[in-house]
Amino acid sequence: TICRTPKELFDCFIEKETPRLRAHPMRVAPPGSTRNVALLIEPRPHYTLEHVVRNAMLFLNGFDPHPNPRSEPDPTGTGTGRAEEEGTTAAATATVNSNAASTAPALATSAGSGSPEWQLQIFHGTANLEHIRAAFTAEELSNVSFVSLEVDNLSNLAHNELMCTHWLWSRAAAERVLIFQTDSLICRHGIEAFQRFDYIGAPWSVEDLWCAGKPWLTKVGGNGGFSLRSRETTLACIDAFGYMRGQCEDVFYVEAMPKVGGKLATREEGKAFSVESVFAEDPFGFHAAYKWVTSEQMASLLATISKAYDRAIVELT
């Protein structure tokens with residue numbers, strides 16, 4: 001196992017573990033019902049999409065302890081509730097009064113305990129909605145909010161620009177937004193420990209190109225690919241400074257957050273939240289770690305997730 005590349009280990013993990021996650025229906029909070037949303041931007045029919053979504057919902061909401069008899073995924077999309085093609089769907093209006101909700105912080109969620117605290121919002125493309133519908137049952141998708149990007153793919157430049165627009169953030173379905181991608185995974189329960197930040201992501205290495213000439217960037221938890229953010233503070237950054245074309249969106253926000261009074265995580269706090277190029281033991285999650293860490297480190301991260309899956313499934317029996 002150790003002699004394989006980190007990317008091979010990641011791919012094998014996705015292939016091996018997806019079927020057993022699929023056997024336990026995911027739980028999603030109804031649109032507008034909470035102050036938390038997990039938000040995925042993915043226009044492609046990506047091979048990891050099903051797993052990363054099921055992984056996120058498991059560690060945010062737990063498995064459904066009393067599911068209805070599992071139906072087959074519905075590739076036609078019939079009966080998938082809110083998963084409609086309309087550019088601005090129910091997700092656009094599923095906003096949350098963050099002031100009213102601020103007195104009700106998210107509770108620690110084990111498999112099936114309490115009501116789900118996290119909504120799910122997917123910004124999809126013109127070529128992958130059927131792929132998504134085929135991967136989940138109609139019941140699982142009934143509370144998912146969909147917004148069409150009206151494109152079949154996004155370049156890195158376009159993705160960075162999108163992340164810094166009012167169009168995106170005004171459609172984010174709640175105040176607390178967990179950005180995740182098809183190269184990220186959550187490793188365990190425990191997001192509550194990070195809810196106090198307006199922005200937190202994995203720390204950067206001094207060797208990362210975007211840190212050249214900006215040593216202060218290595219002192220914060222700033223990677224955006226797997227990050228927890230405040231919608232209100234994010235919009236304040238956009239309004240106050242605007243985005244310069246070609247800039248990395250996460251660098252833009254890390255530099256802007258303190259200037260609008262946002263609470264930004266330190267490097268050590270970021271290490272507890274996520275791993276990207278800087279390895280840490282027992283992080284909450286990781287983003288594209290297979291591009292940076294060793295095979296041994298990748299195997300350790302994936303083993304932690306697999307054991308967490310074991311515990312969650314045992315709780316159901």
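None of the figures in this text is laboratory data; all of them are computed from the coordinates on show. Predicted, not measured: the structure shown is a model, and the values here were computed from it. Heads up, the Cβs are rebuilt from the backbone with ideal geometry, glycines too, and the neighbour counts pull from every protein chain shown.
Observations on the structure shown:
- At R0 = 25 Å, FRET efficiency that the Cβ-Cβ distance of residue 8 and residue 44 yields, to 0.05: 0.75
- Applying a DSSP loop filter and a limit of 12 other Cβ atoms within 10 Å to the GluC sites (Glu not before Pro) in region 160-253 leaves 207.
- Karplus-derived 3J(HN,Hα), 6.51/-1.76/1.60, for each residue of region 153-163, Hz, glycine and proline x: 6, 10, 6, 4, 4, 5, 5, 4, 5, 4, 5
- Listing 278, 251 from fewest to most neighbouring C-beta atoms within 10 Å gives 251, 278.
- Both numbers refer to the Cα atoms of region 154-241; Rg and Dmax are 13.7, 36 Å.
- As a rough footprinting exposure proxy, the listed residues 131, 51, 166 were ranked by other beta carbons within 10 Å of their own, and the order from fewest upward is 166, 131, 51.
- Translational diffusion coefficient (Stokes-Einstein; Kirkwood radius from C-alpha pairs) of region 197-274 at 4 °C, 1.567 mPa s, in µm²/s: 106 µm²/s
- Förster radius 45 Å - calculated FRET efficiency between residue 259 and residue 300 (Cβ-Cβ, nearest 0.05): 0.75
- Taking amide hydrogens as placed 1.01 Å from N in the peptide plane, the amide H of residue 285 sits under 5 Å from those of 187, 274, 275, each at least 5 positions away in sequence or on another chain.
- Using 0.36 nm per residue and subtracting the Cα-Cα separation, the extra length available between residue 170 and residue 241 on full extension is 23.9 nm.
- Vicinal HN-Hα couplings computed from phi for region 140-148 (Karplus, 6.51 cos²θ - 1.76 cosθ + 1.60; Hz; Gly/Pro x): 5, 8, 4, 9, 7, 9, 10, 10, 7
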